[in-house]
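Contents: one structure, followed by commentary.
The values are calculated or read from the model by the stated rules, or taken from the named source; none is laboratory data. All values reported here derive from a predicted model rather than from experimental measurement. FYI the Cβ positions are ideal-geometry reconstructions off the backbone, even for glycines, and counts take in every protein chain you see. Accessible surface areas use protein heavy atoms only, side chains included; no ligands, DNA or RNA. Shrake-Rupley method; radii C 1.70, N 1.55, O 1.52, S 1.80 Å.
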Amino acid sequence: MKNVAPERRRLKLSVLRFNPQEPGSVPRMQMYEIEEAEGMTLFIALNEIREQQDPSLQFDFVCRAGICGSCGMMIDGRPGLACRTLTKNLGPEISLAPLPVFELIADLSVNTGKWMRDTSERLEAWLHMKEQEIDLGRLEERMEPELAQKIYELDRCIECGCCIAGCGTVRMREDFVGAAGLNKIARFRLDPRDGRSDEDFYELIGDDSGVFGCMSLLGCHDMCPKNLPLATQIAFLRRKMVSVGCE
């Protein structure tokens, strides 16, 4: 008896279309139908639609491996990465929309880079070396492997914007730095090469637009595609900043 291949599903993708740069463009949902393939991701599905049905459909991608964070979007109402989302784990009808909060470029494409850059500048998210003058000939300061691993764990953030899109506080406070910003502070606070103190970090995040604005709804923790310990880091930072504020 011959093995009969299972019938492939027909997927219906309902995509929010809107180009703010195009005169007369209005937000609308557009339906596309494709045949599901083995191992298909949403990125593959969208790419097939753009190549075979609608070249005007706009969405972002670079690495296709969950590293660059470019393909973040709302998938059935939840933030996620298109390149890491298998269609077999979704229903036959899928709704796609751009990530909220960020500036819309068009359709599913948003400018997360502008938000992340502004946040990094605001939080001074770079290494503040202890030395006044850098000696390039000096050996790099040694670091224990355990500490290096802790820093690396926080450095895995790909700035995809999923934690920001899933954050209730960001929706109510436009100046809130979000989990991505607080994660940056947690990362540099651990780094022994950074000369800043907790008092310095308090000046950056010790208010309602920083660590005290978080309502602990765990949206960031639940939506992070890299499974970073965002809620844990925010809670730890809050305790440290409270101790500084009470001195």
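So what is the relative contact order for segment 198-247, in percent, with contacts set as C-alpha pairs under 8 Å and at least six apart?
Here the relative contact order equals 43 percent.
If pairing requires two Cys Cβ atoms under 4.7 Å apart, which cysteines of the chain are left without a partner?
When partners are defined as cysteine Cβ atoms under 4.7 Å apart, the chain leaves C71, C83, C157, C160, C162, C167, C214, C224, C246 without one.
Read phi for every residue in segment 186-199 and hand back ³J(HN,Hα) as whole Hz from Karplus 6.51 cos²θ - 1.76 cosθ + 1.60, θ = phi - 60°, with x for Gly and Pro.
In residue order, the calculated couplings are 4, 5, 6, 5, 6, 6, x, 7, 7, x, 7, 9, 4, 5 Hz.
In nm, to one decimal, how far is the L139 label point from the V62 one, both placed 7 Å along Cα→Cβ?
Placing both labels 7 Å beyond Cα along the Cβ direction yields 3.5 nm.
Taking amide H positions as placed in the peptide plane 1.01 Å from N, state which residues far from I105 in sequence (5 or more) or on other chains have amide H under 5 Å from it.
V110, N111
Tilt of helix 112-122 relative to the longest C-alpha principal axis of the chain, in degrees (0 to 90, nearest 10)?
The angle comes out at about 10 degrees.
How many percent of DSSP beta bridges within the chain run antiparallel, rounded to 5?
85 percent
Give the lysines reachable from K184 as a straight Cα distance under 24 Å; neighbours fewer than 8 places away on the same chain don't count.
Within the straight-line cut-off, K184 pairs with K114, K130, K150, K226, K240.
Round to a whole number: what % of the accessible area of segment 1-122 belongs to carbon and sulfur, probe 1.4 Å?
With neighbouring chains kept in place, the figure for segment 1-122 is 50 percent.
Label segment 36-102 by shape, choosing from rounded, prolate and oblate, from the square roots a ≥ b ≥ c of the eigenvalues of the Cα gyration tensor; if a/c is under 1.5 it is rounded, and otherwise prolate applies when a/b is larger than b/c, oblate when it is not.
In terms of gyration-tensor shape, rounded.
Once a ≥ b ≥ c are taken as the square roots of the eigenvalues of the Cα gyration tensor of segment 59-170, is the result rounded (a/c under 1.5), prolate (a/b larger than b/c) or oblate (a/b not larger than b/c)?
prolate
So for each of 191-204, 219-232 I average, over its residues, the number of other beta carbons within 10 Å; can you give me the resulting order with the highest mean first?
219-232, 191-204
How would you classify segment 1-117 from its alpha-carbon gyration tensor, with a ≥ b ≥ c the square roots of the eigenvalues: rounded for a/c under 1.5, else prolate if a/b is greater than b/c, otherwise oblate?
Prolate, since a/c reaches 1.5 and a/b exceeds b/c.
If we sort 150-156, 80-86 on the protection proxy, mean other Cβ atoms within 10 Å, highest first, what's the order?
My ranking of the peptides, most packed first, is 80-86, 150-156.
What is the helix-to-structure angle for 230-245, meaning the angle in degrees between its Cα long axis and the longest Cα principal axis of the chain, kept from 0 to 90 and rounded to the nearest 10?
Roughly 30 degrees, rounded to the nearest 10.
Give the long-range amide H neighbours of D207: residues separated by 5 or more places, or on another chain, with amide H under 5 Å away, using H modelled in the peptide plane at 1.01 Å from N.
Residues meeting the amide H criterion: F212.
Which ³J(HN,Hα) values in Hz, rounded to whole numbers, follow from the phi angles of segment 174-184 under the Karplus curve 6.51 cos²θ - 1.76 cosθ + 1.60, where θ = phi - 60° and Gly and Pro get x?
5, 8, 5, 6, x, 5, 4, x, 5, 5, 4
Restricting to Cα pairs below 8 Å that are 6+ residues apart, what does the relative contact order work out to for segment 26-115? Please round to a whole percent.
26 percent
Percent relative contact order of the chain, based on C-alpha pairs within less than 8 angstrom and at least six residues apart?
17 percent
Please give the Cα centre distance for segment 177-231 versus segment 97-146, rounded to the nearest Å.
Their Cα centres are 13 Å away from one another.
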